[in-house]
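The values are calculated or read from the model by the stated rules, or taken from the named source; none is laboratory data. All values derive from a computational prediction rather than experimental measurement. Cβ placement follows ideal geometry from the backbone for every residue including glycine, while neighbour counts extend to all protein chains displayed. Areas reflect the complete protein model, heavy atoms only, side chains present, ligands, DNA and RNA absent. Shrake-Rupley method; radii C 1.70, N 1.55, O 1.52, S 1.80 Å.
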Amino acid sequence: MTDLSAEIAEEQRRARRLRTIVDLTTAVLMQGRLTPQEALDIVATARRHALELFPDKEDTYDLILAPRFERLMREFVQPARVLPFRRS
């Protein structure tokens, strides 16, 4: 394998890994059983892993994936509801 084909194979491996991370994060957010803080933690972990795989692509993450995760959180993660201690 030449150096160029090895680099391409490595890039493809990292892209597949990123796709898996994004797909799993999306699926977990869409379950709708997370607290807002849990959802934020999961998205922060996905961001950290994405930037470890592609350190020079922070702007791309902010442009493409961050809005996607924000939309999913708005749609599927319900704000914490405070139940009254007693009925009025």
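Points worth noting:
- If the condition is being part of a loop (DSSP other than H, G, I, E, B), of a type in the set (Val, Ile, Thr) and closer than 18 Å to Arg71 by Cβ, then region 1-34 contributes no residue at all.
- Ala44 passes every criterion in (1) of a type in the set (A, V, I, L, M, F, W, C); (2) part of a helix (DSSP H, G or I); (3) in contact (Cβ under 8 Å) with a residue 24 or more places away in the chain apart from (3).
- Among the criteria (1) open to solvent by 80 Å² or more (accessible area, probe 1.4 Å); (2) more than 18 Å from Val77 (Cα to Cα); (3) in contact (Cβ under 8 Å) with a residue 40 or more places away in the chain, the one Glu52 does not fulfil is (3).
- Search result, residues across region 37-59 that are of a type in the set (Lys, Arg) and within 13 Å of the chain's Cα centre (by Cα): Arg47, Arg48
- When region 47-60 is limited to residues that are out of contact with any Phe, Trp or Tyr (no Cβ under 8 Å at 6 or more places or on another chain) and part of a helix (DSSP H, G or I), the one that is nearest to Arg16 (Cα to Cα) turns out to be Leu53.
- Which listed residue is open to solvent by 70 Å² or more (accessible area, probe 1.4 Å), basic (Lys, Arg) and over 23 Å from Glu75 (Cβ atoms), from Arg47, Arg19, Arg13, Arg33: Arg13
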